[in-house]
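Chemist: Okay, here's the structure, questions in a sec.
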Amino acid sequence: MTLDIDFVRAQFPAFAEPALQGQAFFENAGGSYTCAPVIDRLTRFYHQRKVQPYGAFEASRLGGEEMDEARSRLAAIMGVETDELSFGPSTTQNTYVLAQAFRQWMQPGEAIVVTNQDHEANTGPWRRLADEGIEIREWQIDPATGHLDPADLENLLDEKVRLVCFPHCSNVVGEINPVVEITAMAHAAGAFVCVDGVSYAPHGLPDVGLLGPDIYLFSSYKTYGPHQGIMVIRRALGEVLPNQGHYFNGGVLYKRFTPAGPDHAQVAACAGIADYYDLLADHHGIGGSDEDKGRALHDLMRDHETALLQPLLDFLKSRNDLRLLGPSDAATRAPTVAIDAGRAAKPLAEALAQRGIMAGGDDFYAVRALQAMGVDSQRGVLRLSFVHYTKSAEIDQLIGALDSVL
């Protein structure tokens, strides 16, 4: 089966927007285009249901039902229970709330493992717990490749470790980490696992139930939706961590780690992500349960992306005037490609913009990873990122622009 790219792009109004014609979008790691079902749901909510939800009158009842629908359908795709999925204002904020829960639950002298491959959102909040007497152990990347070696983690695990935090894939290295293997190692040592999936989920929502981590975090604005942080916390962990919400909501799992009320309209609009998945599944003849469809669509997206990514990697490998961060094999990484050109990255991004390429030049909040690999974080890296709605002609356009700019 191959992805029908014309059908896919027809679901995204941005591709029909006159102001965007002729431009190729390669900063998807910073936020994806929004699919039409999400936009439609958000518009409908603001037109018809923008009231306090869960009341007796119809507009309120329908608003609450749509918020519940978003939670239940996304949880089903990801292979977890409905109340194990919750929404927050951002992944960074969700991680900070979780860190406060662990701060209350852990004892001084106990340990948390973090990496220097992460976006700062999944490392900074945990590192701050050192001020509370929690030992922070750093699982370090290979400075040449950015690779996280599970064997190095094994040397950090003992009876003191309560939590292991790592990314499904880095937003600058791009290599896909073996979540199942790492999770099994941590669980065997008696530790819980927190996976930052922000840079992975845009390439196919993961089956968290199959992967096995206790916490999985990602951002819906990078998975074709509104600006929300989506957080899966499995019941065994969620019920033992101290409640961070209102005391009278402590018995409701999805409210325990949401101190403030979520954005009702954006939560409801997230059901549009599930609508989009259903449209793709129906069009490509994919049946079965929501979880089955999610797995099949994940593989369909990844196959399409991998085929487009390899020519870009081959082009970058052929040049001796830049450094490609992470693997050069498309099958082992996400299509988030960072390069160190030995000069400031922002002017390169500006030059690409003049040639119709929308890309980014920055440190992308991955300062620790860049510094560990010997990259000047002030200079930054040029990052080229795409998802399944990218077409091969846009890869050709990108390579041509890069050849000219570099």
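The values are calculated or read from the model by the stated rules, or taken from the named source; none is laboratory data. This is a predicted model, so every value here is computed, not measured. Here the Cβ is made from the backbone with ideal geometry for all residues, glycine too, and neighbour counts use every protein chain on show. All accessible areas refer to the heavy atoms of the entire protein, side chains included, with ligands and DNA or RNA removed. Shrake-Rupley method; radii C 1.70, N 1.55, O 1.52, S 1.80 Å.
Chemist: Given springs between every Cα pair under 10 Å in a Gaussian network model of the chain, which of Ile215, Ile273, Ile136 has the largest fluctuation?
Modeler: Ile136
Chemist: In sequence order, what are the phi-derived ³J(HN,Hα) couplings for the range 150-155 according to the Karplus relation 6.51 cos²θ - 1.76 cosθ + 1.60 with θ = phi - 60°, rounded to whole Hz, with x for glycine and proline?
Modeler: So the J values, rounded to whole Hz, are x, 4, 5, 5, 4, 6.
Chemist: Rounded, prolate or oblate: which fits the range 323-376, taking a ≥ b ≥ c as square roots of the Cα gyration tensor eigenvalues, rounded meaning a/c under 1.5, else prolate when a/b beats b/c?
Modeler: Oblate.
Chemist: Could you list which residues have their amide H under 5 Å from that of Asp214, counting only those 5 or more apart in sequence or on another chain, with H placed in the peptide plane?
Modeler: Val193
Chemist: Could you work out what % of the accessible surface of the chain is carbon and sulfur, using a 1.4 angstrom probe and leaving DNA, RNA and ligands out of the count?
Modeler: About 49 percent, which is the carbon plus sulfur part of the accessible surface.
Chemist: Same structure, new question: Dipole size in debye (nearest 20) for the range 1-144 around its Cα centre, Lys and Arg Cβ +1, Asp and Glu Cβ -1?
Modeler: Roughly 440 debye for the range 1-144.
Chemist: In sequence order, what are the phi-derived ³J(HN,Hα) couplings for the range 108-122 according to the Karplus relation 6.51 cos²θ - 1.76 cosθ + 1.60 with θ = phi - 60°, rounded to whole Hz, with x for glycine and proline?
Modeler: Once θ is set to phi - 60°, the couplings for the range 108-122 become x, x, 6, 10, 10, 9, 10, 10, 9, 9, 6, 4, 4, 4, 10 Hz.
Chemist: So who's got an amide H within less than 5 Å of the one on Val51, skipping anything under 5 residues away but keeping other chains? H placed 1.01 Å off N, in plane.
Modeler: none
Chemist: Once the piece of chain linking Asp282 and Leu20 is laid out straight, how much longer is it, given 0.36 nm per residue of separation minus the C-alpha distance between them?
Modeler: 91.5 nm is the gain from fully extending Asp282 to Leu20.
Chemist: Moving on to the next point. Percent relative contact order of the range 42-274, based on C-alpha pairs within less than 8 angstrom and at least six residues apart?
Modeler: Here the relative contact order equals 27 percent.
Chemist: For Met78, what accessible area in Å² do you get when you roll a 1.4 Å probe over the heavy atoms of the protein chains, rounding to the nearest 10?
Modeler: Taking all protein chains as shown, Met78 has close to 0 Å².
Chemist: While we're on this one: Say we join alpha carbon atoms closer than 10 Å with springs in a Gaussian network model of the chain; which of Phe57, Phe166, Phe45 then has the biggest fluctuation?
Modeler: Maximum among the listed residues: Phe57.
Chemist: Now for a separate question. Please say if the range 42-274 is rounded, prolate or oblate, where rounded means a/c under 1.5 for a ≥ b ≥ c the square roots of the C-alpha gyration tensor eigenvalues, and otherwise the choice is prolate for a/b larger than b/c and oblate otherwise?
Modeler: Prolate.
Chemist: Determine the percent antiparallel among the DSSP beta bridges restricted to the chain, to the nearest 5.
Modeler: Antiparallel: roughly 50 percent of the beta bridges in the chain.
Chemist: If we count every other residue with Cβ under 14 angstrom of Ala16's Cβ, Lys/Arg +1 and Asp/Glu -1, where does the sum land?
Modeler: Residues close to Ala16 contribute a combined charge of -1.
Chemist: How large is ³J(HN,Hα) for each residue in the range 214-226, as worked out from phi by the Karplus curve 6.51 cos²θ - 1.76 cosθ + 1.60 (θ = phi - 60°), to whole Hz, x for Gly and Pro?
Modeler: Result, ordered by residue: 7, 9, 9, 10, 7, 10, 5, 6, 9, 10, 6, x, x Hz.
Chemist: Here is a follow-up. If you build a Gaussian network model of the chain, linking Cα atoms that sit under 10 Å apart, which residue out of Ser60, Ser72, Ser86 swings the most?
Modeler: Ser60
Chemist: Moving to a separate point now. Over the chain, what is the relative contact order in percent, taking alpha-carbon pairs closer than 8 angstrom and at least six residues apart?
Modeler: Reported as a whole number, the value is 24 percent.
Chemist: In the structure displayed, which of Lys222/Lys346; Lys50/Lys255; Lys293/Lys391; Lys222/Lys293; Lys222/Lys255; Lys50/Lys293 lie more than 28 Å apart, Cα to Cα?
Modeler: Violating the 28 Å limit, Cα to Cα: Lys50/Lys293.
Chemist: I'd like the distance separating the alpha-carbon centroids of the range 274-351 and the range 229-265, in whole Å.
Modeler: What the calculation gives is 33 Å, centre to centre.
Chemist: I want to make sure I understand the PRE zone here: with the label point 7 angstrom from the Cα of Gln48 toward its beta carbon, which residues in the range 241-273 have backbone N atoms less than 19 Å away?
Modeler: 264-273
Chemist: Hey, another quick one. Expressed in nm to one decimal, what extension gain is obtained for the pair Leu210 and Asp4 from 0.36 nm per residue of sequence separation less their Cα-Cα distance?
Modeler: Value of the extension gain: 71.4 nm.
Chemist: For the range 18-93 and the range 144-171, what is the centre-to-centre distance using only Cα atoms, to the nearest Å?
Modeler: Taking the Cα centre of each part, the range 18-93 and the range 144-171 sit 32 Å apart.
Chemist: Rounded, prolate or oblate, given the Cα gyration tensor of the range 59-99, with a/c below 1.5 counting as rounded?
Modeler: Since a/c reaches 1.5 but b/c is at least a/b, the shape of the range 59-99 is classed as oblate.
Chemist: Based on the Cβ-Cβ distance from Asp403 to Ala184, what FRET efficiency comes out when R0 is 45 Å, to the nearest 0.05?
Modeler: The pair Asp403/Ala184 has a calculated efficiency of 0.55.
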